[in-house]
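What follows draws every value from the coordinates through simple rules; no lab data is involved. For clarity, every value in this text was computed on a predicted model and none was experimentally measured. Neighbour counts are summed over all protein chains in view; Cβ atoms, including those assigned to glycine, are modelled from backbone coordinates with ideal geometry.
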Amino acid sequence: MNNSVNNQLLPVDAIRILGIHKRAGEPLGVTFRVENNDLVIARILHGGMIDRQGLLHVGDIIKEVNGHEVGNNPKELQELLKNISGSVTLKILPSYRDTITPQQSCISMERHPAHVRQVFVKCHFDYNPYNDNLIPCKEAGLKFSKGEILQIVNREDPNWWQASHVKEGGSAGLIPSQFLEEKRKAFVRRDWDNSGPFCGTISSKKKKKMMYLTTRNAEFDRHEIQIYEEVAKMPPFQRKTLVLIGAQGVGRRSLKNRFIVLNPTRFGTTVPFTSRKPREDEKDGQAYKFVSRSEMEADIKAGKYLEHGEYEGNLYGTKIDSILEVVQTGRTCILDVNPQALKVLRTSEFMPYVVFIAAPELETLRAMHKAVVDAGITTKLLTDSDLKKTVDESARIQRAYNHYFDLIIVNDNLDKAFEKLQAAIEKLRMEPQWVPISWVY
């Protein structure tokens, strides 16, 4: 159908001619859909050229670009508009919304952040729109990496949000919504949990010796899917707790002790409780606080322990109040706990800075162990099987709890690991921090 015939089908006063000026490669910030064989504007991206100019609206039909019909292929139109430079003339059929609907009012507010609470999220996965087969327009997508902070500017579409980078700025782009990404990842997570080289690497005997959580958090949700976490920006402040997570034997205790010895007025830790009888050379409150088994069992039942376990017939555990006692002295309480405890600790009550101490490669770990044995620092000999379990367990913890970690340090050298951790803690006192929104409101 030629242009003259096509235009005769439309009321003369319905057609609008718009002129814009753009650079080659500059995106307009719109996406299209096919409706009744026409190309219709599906969404306008916040902060893009079209959004700033306010000339086009969702629902407008694009009929011609520079005098040429556009057809009904959204991808071809996107490529055409992207490559054009200079003056661009658009012939459109407006959507003609005479009344403001509640939905349109929402759109208007989304475009003017002063009217609504700004929403920022921390991303817990990597995303590249060019690898996404579901996105309506790959060029309109926003690439981001795990750990980045995004500002969400439009959540109107249930599947595709509009967001922009906080650090880099720039126009908004499309990202998968929480709902869409949860649906995609739910199937992958189910397969991942039941396969892989790291499943079942801890013997049942070892598991019995490991700490487990109190009834306050006994049923830890291993299958929770982390997509986006709403966060808020806070000025520099000292965290209440420093939580070191890692496999057994990666050096968490050595790092903790070094911090406390070098700066005892700034850092402290808890003294564990036990139902074991004190030995002749032990004093209550030094290495352990000794209580009766009945008292400890009652406190466990009352949810007073962060974690507890039984070893050789005796109970051992860390009391929640003992953490708060250190915090109340103005010091940061350093904890080397099992990762399940993070669900209890990651609140405004404890405000943790969570650091994962990762095991190095097996060959490096083997050399490090040989060095401490040769130096007479330890007499405990570990087999290759023991060292491999440490490496495998480290990988399993990182995979399962990665979304809780603020920092990851591979401990292939204790001195360097300490320096990295020390630098990160000093940075918290000097720079603003993004923290979970629940810590603020």
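For residue 289, the aspartates and glutamates whose Cα falls under 18 Å of its own Cα, not counting residues fewer than eight places away in the same chain, are 280, 281, 297, 299, 307, 310, 312, 321, 325, 336.
For residue 314, the shell of other residues with beta-carbons less than 10 Å away shows a net charge of +1, using +1 for Lys and Arg and -1 for Asp and Glu. Look at 392, 412 and count the other Cβ atoms within 10 Å of each Cβ; fewest to most, that gives 412, 392.
Summing Lys and Arg as +1 and Asp and Glu as -1 over all other residues whose Cβ lies under 12 Å from the Cβ of residue 274 gives a net charge of +1.
In terms of distances greater than 19 angstrom between alpha carbons, the cross-link table entries 146/167; 122/343; 380/416 yield 380/416.
Counted residue by residue at 0.36 nm each, then reduced by the alpha carbon distance between them, the extension gain from residue 284 to residue 183 reaches 31.1 nm.
Given axes a ≥ b ≥ c from the Cα gyration tensor, I'd like to know whether region 367-438 is rounded (a/c under 1.5), prolate (a/b larger than b/c) or oblate. Verdict is oblate for region 367-438.
Exposure proxy for 245, 135, 15: other Cβ atoms within 10 Å of each Cβ, ordered fewest to most, give 15, 135, 245.
Residues whose amide H falls under 5 Å from that of residue 287, counting only those 5 or more places apart or on a different chain, are absent, with hydrogens built in the peptide plane.
Local charge for residue 70 was computed over the other residues whose Cβ lies under 14 Å away, with Lys and Arg +1 and Asp and Glu -1, and equals -2.
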